[in-house]
Each structure stands twice: as C-alpha cells, then as structure tokens.
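Just below is one structure, and these are the notes that go with it.
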Amino acid sequence: MTSRKFSNFDAFLACQNLSKTELLNKILNSNSVFQYEAARKLQFFQYNEIRDTIKDILLTSQYSQHREIAVFILGQIQVKLNNVELNEILSILVYSICHDKSISVKSSAIFSLGHLFQDYNLGEKEFYEIEKDISLIWNINKHSIILAIAFSSTCFPHRTYIKKYLIKNLNSKKPQVISWILYSLREKNYKSKSIEFLLINKLNQTNIKSYIYNEIIAFLISINSMRVIPYVENMLLTQNRIDNEIYVELKNNTSKNLTKLRKMMLEKFE
C-alpha cells in the first residue's frame, strides 16, 4: 500500500487554525510540505511572539532544514517590523549567510535579505553596512546561491560587481539560472554589449522550442538589439504562433530599428 502524498492544500487546511506551539511542532516533526505551510502561518505572528522560537529553537537546531525555515520566516513576516526588530533580523540573516555551513540555509537567507530590502525600501545606506560582510557569496558557485542572488540583486542598490556577477552567470547551462538572471538584468536595467553578445551566442546553442529561447528573444527586444532581428524574422516566417512575452515586448517597442518586425508580427498574428 503506497503512502498518501499530501498536497499544499492539505497542508494549508491542516495548519489553518493551529497555535504557535502547534505550528512549531509541524516544523519540527513533519515533511517539507507541512513545514513550509506552518512557516507561512508563523509569518503572520508579530515578531516578538515568535522571536524566541526562531532564535532559540529553529536557528540553533542541528538540522539545516530547521535553520533554513527559520530564515525563510524572517524574510517575510507580515506584521510590520519596527527598526529594532528589522535591524535584528538583518543581523541574523547576515550571520546565517556568513557562518552557516549549509548552502540551503545561505540561499534562503539571501532570498530573505532581498525580500527585506524590497519590502522596507532599504537602499544605499543599509546595503553599504552589510556588503562587506556578505562578500563571500559572489564566489560560491552553487545553483541555489546563484538563483537567490539573481532575485535579491533586483532589490539591492546598483553595483558594478553585481552586474559583472550576473553577466558571468549568463554562461550557465541551466535554463532556470538564465531565466532568473534575465529577470534581474531587466529589473535593474543593466545593459552592455557583452550581455547582447552572450545572449546571441546562447540563442545559437538553444533549441528554438525552448522557453528560455523565447525569454532571451524577448529580453533582446527589450534592449533594442539589432542583432536579434534575423532570429525574430525567422520565427515570424516559420512559426504559426509566437510566444506571448515576445508578442507583448515587440508590440510595445517603439524603436525604429524594429519597426519592420513589429509590422510583420502584427500583420500575421493580430
């Protein structure tokens, strides 16, 4: 007899009305589906209500999954934090990034750091105070770290070294990494000839039916790349449908260099 697989909705129902103590018990003794649903419920408590639970139980656990969940909770507490609480959580996240031996904990802490910078409109001053402390992350070549940085860098102030880091990771062979890097480059409006060059090379190595092929095309259109023109022309001439992201990007583009492509697309697909 096979064991039942629980869905996110099962976990939602199971955790819906639990107390703080009961939610903690779910995190300590359940599978990951229930653990993360319980963690999301704890995010709706005030920080001072769950502070000891996080600091004295989850963050001190020998199990990395518990520490990972702790920093996950800290990144998206739904009750507004005061300055003292915010600074304490920033310190915890930076410490976890620097000192926790688990890559999953580091990644989760980086994601949470990005959420806090985004949700509290933190900027130059706050980033300057921590950027030396988290400098090691730019040298950790791990998939989950790269994804976390790609997200969080959209929330950090502009830095040349961050731009270089993102461009370097466009060489990744993992579509998910490329997708997140493109998102970050677009959000931060990072542009350069090297980005265009790398992406054109990536197109030549990518299956035209791949979702990442379409994302690269859409990004190149967004930066008014002339080198992408023959690739888009080929798509318009040979395909009976076009990706929605490409359609929207090209339709809204006002560059005169892409006028011909825009007309071709609208005549065929509108």
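Every number here is computed from the coordinates shown, using simple stated rules; none is lab data. Note that this is a predicted model, so its numbers are computed, not measured. Cβ sites come from the backbone with ideal geometry, for glycine too, and all protein chains shown count toward neighbours.
Ignoring lysines fewer than eight residues from Lys251 along the same chain, the ones with Cα atoms less than 20 angstrom from its Cα are Lys260, Lys263, Lys268. Computed over the chain, the per-residue total of -39500 (n - 2.57) for DSSP H runs of n ≥ 4 gives a 222 nm mean residue ellipticity of -19500 deg cm²/dmol, rounded to 500. Share of Cα-Cα pairs in segment 43-157 beyond 24 Å, in percent? I get 18 percent for the Cα pairs in segment 43-157 exceeding 24 Å. Neighbour counts of C-beta atoms inside 10 Å place Met226, Met264, Met235 in the sequence Met226, Met264, Met235, starting with the fewest. The trypsin sites (Lys or Arg not before Pro) found in segment 31-94 that occupy coil by DSSP, while having at most 13 further C-beta atoms within 10 Å, are Lys80. Each peptide in 238-244, 132-138, 27-33 was scored by the mean count of other Cβ atoms within 10 Å over its residues; highest first, the order is 27-33, 132-138, 238-244.
When both segment 83-118 and segment 139-217 are represented by their alpha-carbon centers, they are found 23 Å apart. If I take R0 = 22 Å and measure r between the Cβ atoms of Thr160 and Ile200 in this structure, what FRET efficiency does the formula 1/(1 + (r/R0)^6) give, to the nearest 0.05? Taking R0 as 22 Å, the efficiency between Thr160 and Ile200 is 0.45. In this simple spin-label approximation, Asn257 and Leu28 carry label points 7 Å from Cα along the Cα→Cβ vector, and these lie 6.1 nm apart. Excluding same-chain neighbours fewer than eight residues apart, the lysines reachable from Lys132 by a Cα-Cα span under 22 Å are Lys101, Lys106, Lys142, Lys163, Lys164, Lys168, Lys188. The distance between label points at Ser102 and Arg186 comes to 3.3 nm (points 7 Å beyond Cα on the Cα→Cβ vector).
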